[in-house]
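The values are calculated or read from the model by the stated rules, or taken from the named source; none is laboratory data. Given the structure is predicted, the values throughout are model-derived calculations rather than measurements. We place every Cβ from the backbone using ideal geometry, glycine too, and count neighbours over all the protein chains shown.
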Ligand code: URA
């Protein structure tokens, strides 16, 4: 598993505003959307392209385009939905699948409650959206589901990551075709499984408490 820390000053600037407990839900949603687009730019750095030529008004130009099969974007419900707009802005041609995961607050174990993924993903590049890489349980399950379906490469985009979650993913996926792109790696997890200093509950901050 590879980790790409996108520590661009604009990423850090937006992340700092997201961390601030005084940032309201509407502002948080807008900032998260903008931040995901910046992270998506880094995450797609190695996306597969085919060489093409086009005729400009002046001459022939060499270029590139995304070939079939198109990438798949998978937001992890619920908080990953808050990242979808920022990602599809950069990859509007991608298809979108969904996985719903819920974490038991006592055991911190995540279980799957929804799955809308294609039956097969052979040769496809997949981008998973999950704002907080905490224990890593959710991403181990989701990436496992994608690899079982034949995904060629999986990149998880996370606003924030904890060292514990990164280590768990590295152990589960020692190969090269799994990558995590994150805006920051924080200190540790607390006893409730929250990232410290983190930004709190990403779902609640994006959509309000339920
Ligand atoms: N999920 C969150 O929303 N926040 C954390 O800090 C950890 C997991």
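For region 170-194, a residue qualifies if it is over 18 Å from residue 107 (Cβ atoms) and assigned to a strand (DSSP E or B), and the qualifying residues are 178, 179, 180, 181, 182, 185, 188. In region 185-200, the condition of being at pLDDT 95 or above, within 21 Å of residue 117 (Cβ to Cβ), under 17 Å from the mean Cα position of the chain (by Cα) and surrounded by 15 or more Cβ atoms within 10 Å (Cβ to Cβ) is met by no residue.
Residues are listed down the side, and each one gets a yes or a no for (1) in contact (Cβ under 8 Å) with a residue 60 or more places away in the chain; (2) touching a strand residue (DSSP E or B) at 6+ places or on another chain (Cβ under 7 Å); (3) surrounded by 14 or more Cβ atoms within 10 Å (Cβ to Cβ); (4) over 21 Å from residue 145 (Cα atoms):
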position	(1), (2), (3), (4)
50	no, yes, no, yes
54	no, yes, no, yes
64	no, yes, no, yes
68	no, no, no, yes
80	no, yes, yes, no
93	no, no, no, yes
96	no, yes, yes, no
106	no, no, no, yes
119	no, no, no, no
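For region 195-206, how many residues meet the condition of being in contact with a helix residue (DSSP H, G or I) (Cβ under 7 Å, 6 or more places away or on another chain) and not in a loop (DSSP other than H, G, I, E, B)? Total meeting the criteria: 4.
Within region 151-169, if we keep just the residues that are part of a loop (DSSP other than H, G, I, E, B) and buried (at least 18 other Cβ atoms within 10 Å of the Cβ), the residue that is farthest from the ligand (Cβ to nearest atom) turns out to be 151.
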